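Asks: The structure under discussion is supplied below as structure tokens; questions concerning it will follow.
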Amino acid sequence: MEYTREELTQNHEFYFQWHITEKCNLRCKHCYHESYNSKDELTSAQLDLAFSKMEQALKKWNLKGSASITGGEPFLRREDMFRIATMMDNSSHFSYYDILTNGSLITDEDLTRLTNLSSLRRVQLSLESPFENINDSIRGPGSFKNTLETIHKLKCYGLQVSVMMTVTKVNQHDFPEMVELLAKEKVDAVAVERFIPEGSGSSICDMMLSKEETKRFYELVYNTGIKEKRIRVLMHRPLFALLDANDSSVGAMCSVGNNALTIMHDGTIYPCRRLPIAIGNIIEDGIFKPWYDSDVLWSIRNINEIKGKCGKCDLLPLCRGCRAMAYWANGDYLGEDPHCWKEIKVSTN
Amino acid sequence: MLERDKSIYKLEDNIVIRKNDDIKQYWAFNTDSGDHYSLNSTSYWILERISSEPGTIDDVLTHFLQSFEVGYEEAKKDFEEIIESFLMEGIIKKEGEKKDES
């Protein structure tokens, strides 16, 4: 009968997606937020406490932290956002962070302040299409021009910029032109994410891609991305491994239960923003309790509990599908990813 | 020593235990400090027992002997060691005493 005391060794990095507010000045049709009133939003002092809890966990696990500071629109809490960013700059436990914003509220003074943030990796903006009418049909009139102006300003100040494109039926063919536009604007990286009809987006369910469309879109991104030299096409997402399981530059295991948590505006902790199952509150519970005691996380960590096609897949150690998409489609976060197009051979023995 | 110990043993409030039988891994976690203990199956069995049914060491030992083929003297010695370690690490605690059944 013996036991040993040890430290966790989960790779080298732990990621926090931190929604410091739910308030937003835009109303994008596909948004995963349902309400924008930011009820029970953490105070500035509580944000600082939340930050200290993150640092405590990183220190204990001897992991380097990364974060996305986001909202809602984080510039609606401008001073809190800059204070958190500065705390991350001064922390030995955080390596870098991104600020995820719609860009519409960034002033010239903000641009100067952003350049002074030492650990800011990128400012991430969202653009849905290289075509103004398509982008603005989702993000609102004027959004396209405003975003491009902001990208231009950010680049003029020497900041790294990335763009997120959420793929729906209306923009599924636009990726090559998107890359052309972003390369012209000297954007540093572009990422794509599948649309999950949650929150406000639940009213446009029919905009979600089918399995066949998802396959074609991923192939389009992959074929564009592997040739692209001007801009990094980020393909570290579940399902990309289906395109080339031997290419380590594409595909990634869903981070739920592995090395990431989402902190909401009121401190609620989700496994992932798109898997909105509360597993604790950072103010009341800290990080350790939800991380160690959540049945949701433990069941997802156990790959033998993954069901359906995902559970039978030989790529399970590499991919695991998107647990949030599985939850949306099946009501079961252990279910199969409905967008996976891989044919699974079932043994008849 | 143990046969005279009437203390009721419980899991500390900030300790959670977890297992993955498929890969035969067992853990105890301190949810305040983040301390993480890797257990063997027997240590886990003891903690699971204490967690589900707090009792004296004799109670736990009795159930253990019913569940595993092991001699009393050997089990008792191991129990003393592991219980002391668990107490020292703050994984379990003593809370109250069992009343004599008379």
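Read the figures in this text as sums done on the coordinates, not as results from a lab. Keep in mind that this is a model prediction, so the values were computed, not measured. Glycine gets a Cβ as well: all are built from the backbone with ideal geometry, and neighbour counts include every protein chain shown.
Asks: Could you check residue A:128 against (1) more than 24 Å from residue A:41 (Cα to Cα); (2) surrounded by fewer than 20 Cβ atoms within 10 Å (Cβ to Cβ) and say which number it fails?
Replies: Failing condition for residue A:128: (2).
Asks: Any chance region B:45-63 includes a residue that's under 24 Å from residue B:100 (Cα atoms), crowded, with 16+ Cβ neighbours inside 10 Å, of a type outside the set (A, V, I, L, M) and in contact with a Pro (Cβ under 9 Å, 6 or more places away or on another chain)?
Replies: Scanning region B:45-63, I find no residue that is under 24 Å from residue B:100 (Cα atoms), crowded, with 16+ Cβ neighbours inside 10 Å, of a type outside the set (A, V, I, L, M) and in contact with a Pro (Cβ under 9 Å, 6 or more places away or on another chain), so the answer is no.
Asks: So which helices (runs of 4 or more DSSP H) are wholly in region A:210-307 and hold at least 2 residues that are away from chain B (no Cβ under 14 Å) and either surrounded by fewer than 21 Cβ atoms within 10 Å (Cβ to Cβ) or among the aromatic types (Phe, Trp, Tyr) (or both)?
Replies: A:211-227
Asks: Considering each of A:277, A:226, A:231, A:306 in turn, give the residue that is out of contact with any Cys (no Cβ under 7 Å at 6 or more places or on another chain) and under 30 Å from residue A:43 (Cα atoms).
Replies: None of the others qualify; the one that does is A:277.
Asks: Only one residue in B:85, B:67 is among the polar types (S, T, N, Q) and exposed (fewer than 15 other Cβ atoms within 10 Å of the Cβ), so which one is that?
Replies: B:67
Asks: Can you say whether residue A:103 is of a type in the set (Gly, Ala, Ser), in contact (Cβ under 8 Å) with a residue 40 or more places away in the chain and part of a loop (DSSP other than H, G, I, E, B), as far as the supplied structure shows? If you could, list the steps in order and put the result at the bottom.
Replies: Working: of a type in the set (Gly, Ala, Ser): yes; in contact (Cβ under 8 Å) with a residue 40 or more places away in the chain: yes; part of a loop (DSSP other than H, G, I, E, B): yes.
It is true that residue A:103 is of a type in the set (Gly, Ala, Ser), in contact (Cβ under 8 Å) with a residue 40 or more places away in the chain and part of a loop (DSSP other than H, G, I, E, B).
Asks: Within region A:110-137, can you find the residues that are out of contact with any strand residue (DSSP E or B) (no Cβ under 8 Å at 6 or more places or on another chain) and over 30 Å from residue A:64 (Cα atoms)?
Replies: Scanning region A:110-137 gives A:130, A:131, A:132, A:133, A:134, A:135, A:136, A:137.
Asks: Within region B:8-18, which residues are more than 7 Å from every other protein chain (Cβ to nearest Cβ) and surrounded by 15 or more Cβ atoms within 10 Å (Cβ to Cβ)?
Replies: Correct list: B:8, B:9, B:10, B:11, B:12, B:14, B:15, B:17.
Asks: How about region A:111-207: which helices (runs of 4 or more DSSP H) wholly inside it have at least 3 residues that are within 30 Å of residue A:331 (Cα to Cα)?
Replies: Ranges flagged: A:132-139.
Asks: Name the residue that is surrounded by the fewest Cβ atoms within 10 Å (Cβ to Cβ), counting only residues in region A:54-81 that are assigned to a helix (DSSP H, G or I) and within 14 Å of another protein chain (Cβ to nearest Cβ).
Replies: A:59
Asks: Considering region B:79-99 alone, what residues qualify as being among the acidic types (Asp, Glu) and without any contact (Cβ under 8 Å) to a residue 12 or more places away in the chain? Working first, answer last.
Replies: First, the residues of region B:79-99 that are among the acidic types (Asp, Glu): B:80-81, B:84, B:89, B:95, B:97.
Result: B:81, B:84.
Asks: Can you tell me which of (1) free of Cβ contacts under 8 Å to residues at least 24 places away in the same chain; (2) within 23 Å of residue A:193 (Cα to Cα) is the one residue A:313 doesn't meet?
Replies: The number of the failed condition is (1).
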